[in-house]
């Protein structure tokens, strides 16, 4: 256990924990767009930066991303000092220039007092902040269908050769975790379109509701040994079936007792 | 011995008190969440089954979760879903053979029974004791030989 001071309050933390984990546990609201508990911290959005210092630093301070900075004994953290807020506003200002049409970025910037970017807005902005959360989640799931391509101004999230990704299973995790809701998909009947590919959705054999894609079910079958017939019914019909099965058991035992 | 949520379907009257209790116990920002338990008709007159997660020994939900967001809590024996880790791929919703991982459309999150951390509210409210939280009776086995 180590003890550190966050905004003047002494808190305890496990060794190896990141500052952001501790501040979240303490209920301190630090903005972060690229952070997700399912994947390792990455420090892409830079919004979680905090001011750190130590007694022996003689008044010197440093600015680090809380998601990537492990806790240390005697660390003194300021999460909302005027300098931190100023730096955060600069980042949001730049983000707003890149994503002028993103409601999520606009809202977050407005919350920090930035309503208009001081920079030139990016023409044909796609609202992607290039945090790579989608690619990291895809990697974590074991599909590796998408990645960031190119460098600098040319960096984009795309599939290999910018073609339809052969390893994608259409699970929609990338679209679900995207902090700015950039990744577009379309569910049309039993068809799902994402990343330029079309997937067939499994139809519940009883009620006709669409569940997950056939490719995803097959991947779960091969990777995690889930029998394929588990995917024949939707969750609703699974529950109904369980209830009916229980009913027949109760009825059988009643008949047997009488 | 560990307590378990014991469901006795022939005592259930289908009053749906458990559903109400669960929805309020799992409210998000003051709005009731989707209930993880509710009685369904069991195919015979006046017969109901309160359908709830069975916290299986070999759980399909945890096996299907590729980010390992569903883990067993040792103290309660419950399979608990960590919503911070969940990427909403819906694998567990599709894979559970009893349909007990649910999608809460209002809050856009996947939910499942977590035994309320060791004190299930539904069992407190069940008027007919169709739901009870107590140590399970060991099954009587006939002596062999």
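Nothing in this text is a laboratory measurement; each read-out follows from the coordinates by a stated rule. All values reported here derive from a predicted model rather than from experimental measurement. All Cβ positions, glycine included, derive from the backbone under ideal geometry; neighbour counts span all protein chains shown.
Sort A:1, A:246 so the one with the fewest other Cβ atoms within 10 Å of its own Cβ comes first.
Fewest-to-most ranking of A:1, A:246: A:1, A:246.
How many angstrom lie between the Cα centre of region A:179-257 and the Cα centre of region A:58-88?
47
Only helical DSSP H runs with n ≥ 4 go in: add -39500 (n - 2.57) per run for chain B, normalise by residue count and round the 222 nm mean residue ellipticity to 500 deg cm²/dmol.
So the calculated ellipticity at 222 nm is -3500 deg cm²/dmol.
Please compute the contact order of chain A in relative form: average sequence separation of alpha-carbon pairs under 8 Å and at least six residues apart, divided by the residue count, as a percent.
Reported as a whole number, the value is 12 percent.
Using only atoms on other chains, find how many Cβ atoms lie within 10 Å of each Cβ of peptide B:96-103 and report the average. Write out the running numbers ahead of the final one.
Values: counts 5, 11, 8, 11, 4, 2, 3, 1.
Counting Cβ atoms of other protein chains within 10 Å of each residue's Cβ and averaging gives 6.
Using Cα pairs closer than 8 Å and at least 6 residues apart in sequence, work out the relative contact order for chain B, in percent.
Rounded, it is 32 percent for chain B.
Quick check on packing: order B:29-41, B:80-92 by the mean number of other C-beta atoms within 10 Å, highest mean leading.
Highest-to-lowest ranking by the protection proxy: B:80-92, B:29-41.
Rank these for me by crowding, A:42, A:231, going from fewest to most other beta carbons within 10 Å. It would help to have the intermediate numbers written out before the result.
Numbers: A:42 17, A:231 24.
Fewest to most other Cβ atoms nearby, the residues stand as A:42, A:231.
Partner chain Cβ atoms within 10 Å, averaged over the residues of B:36-42 - can you pull that number for me?
Per residue, the number of nearby Cβ atoms from other chains is 4 on average.
Any chance you could get the radius of gyration and Dmax over the Cα atoms of region B:3-135, in Å?
My reading of the Cα-based Rg and Dmax gives 14.4, 43 Å.
Please find, in a Gaussian network model of chain B (springs between Cα atoms separated by less than 10 Å), the residue of B:61, B:113, B:96 whose mean-square fluctuation is greatest.
Result: B:96 has the largest fluctuation of those listed.
Output the relative contact order of region A:133-237, whole-number percent, from Cα pairs under 8 angstrom with separation of 6+ residues.
19
With everything on Cα atoms, drop me the angle between helix A:235-257 and the longest principal axis of chain A, reported from 0 to 90° to the nearest 10.
50
Along each of its three principal axes, how wide is the spread of alpha-carbon positions in region A:2-80, in whole angstrom units, largest first?
Per principal axis, max minus min of the Cα coordinates gives 35, 22, 19 Å.
Based on the Cα gyration tensor of the protein assembly as shown, what are the three equivalent ellipsoid semi-axes, each the root of five times an eigenvalue, rounded to whole Å and given largest first?
45, 28, 19
When N counts the residues of region A:133-237, how does its alpha-carbon radius of gyration compare numerically with 2.2 N^0.38 Å, as a ratio?
Against the empirical 2.2 N^0.38 Å value, I get 1.16 for region A:133-237.
Take every residue in peptide A:247-253, count the Cβ atoms of other chains within 10 Å of its Cβ, and give the average of those counts.
Mean partner shielding for this stretch: 5.
What's the long-distance tail for region A:66-114, i.e. % of Cα pairs beyond 18 Å?
Tail fraction, whole percent: 43.
Given a 10 angstrom Cα cut-off, can you work out which residue in A:107, A:223, A:116 is the most mobile in a GNM of chain A?
Sorting by GNM fluctuation, first place goes to A:223.
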